[in-house]
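Report on one structure; see the data block that follows.
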Amino acid sequence: TGNVCDFTKELSIENEIVVSAELSGISASELAGQYIYIENDGIHNAAYRIEDASVRSDGKLVLNIGDASPVRQYADEYDFSKGYVYDIEAGKAFRIPLSYETK
């Protein structure tokens, strides 16, 4: 668990979500294939499959979500220069459920 710090804010086929979280005994590479669920306004789903993950020098976790975009729509469908509306935002809480099997 933790909070969203930043994310890709343009339409792209390569998207990232930067989060603040403590890994607590797991490596970033173990997050590949898992899903991140982010609090949002509920209009769209804010769940993204993590393609891979890495830790920056400042300790923030960078989650590669591939071609899944946090962009919901244009802010103004007649004036694209006004930017976008997003399904997520900085500061919102997230969770990445993990499961392990032990013998």
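Among the residues of segment 56-103, how many are touching a residue at least 40 places away in the same chain (Cβ under 8 Å), open to solvent by 90 Å² or more (accessible area, probe 1.4 Å) and basic (Lys, Arg)? Selection size over segment 56-103: 1.
Is it the case that Ala46 is of a type in the set (A, V, I, L, M, F, W, C), more than 11 Å from the chain's Cα centre (by Cα) and open to solvent by less than 60 Å² (accessible area, probe 1.4 Å)? Let's see the steps before the verdict.
On the way: of a type in the set (A, V, I, L, M, F, W, C): yes; more than 11 Å from the chain's Cα centre (by Cα): no; open to solvent by less than 60 Å² (accessible area, probe 1.4 Å): yes.
Here the answer is no, as Ala46 does not meet what is asked.
Among residues belonging to segment 7-22 that are out of contact with any Cys (no Cβ under 8 Å at 6 or more places or on another chain) and surrounded by 15 or more Cβ atoms within 10 Å (Cβ to Cβ), point out the one that is modelled with the lowest pLDDT. Ranking the qualifying residues of segment 7-22, first place goes to Ala21.
The values are calculated or read from the model by the stated rules, or taken from the named source; none is laboratory data. Model, not experiment: these values are computed from the prediction. FYI the Cβ positions are ideal-geometry reconstructions off the backbone, even for glycines, and counts take in every protein chain you see. For accessibility, only protein heavy atoms count, side chains too; no ligands or nucleic acids. Shrake-Rupley method; radii C 1.70, N 1.55, O 1.52, S 1.80 Å.
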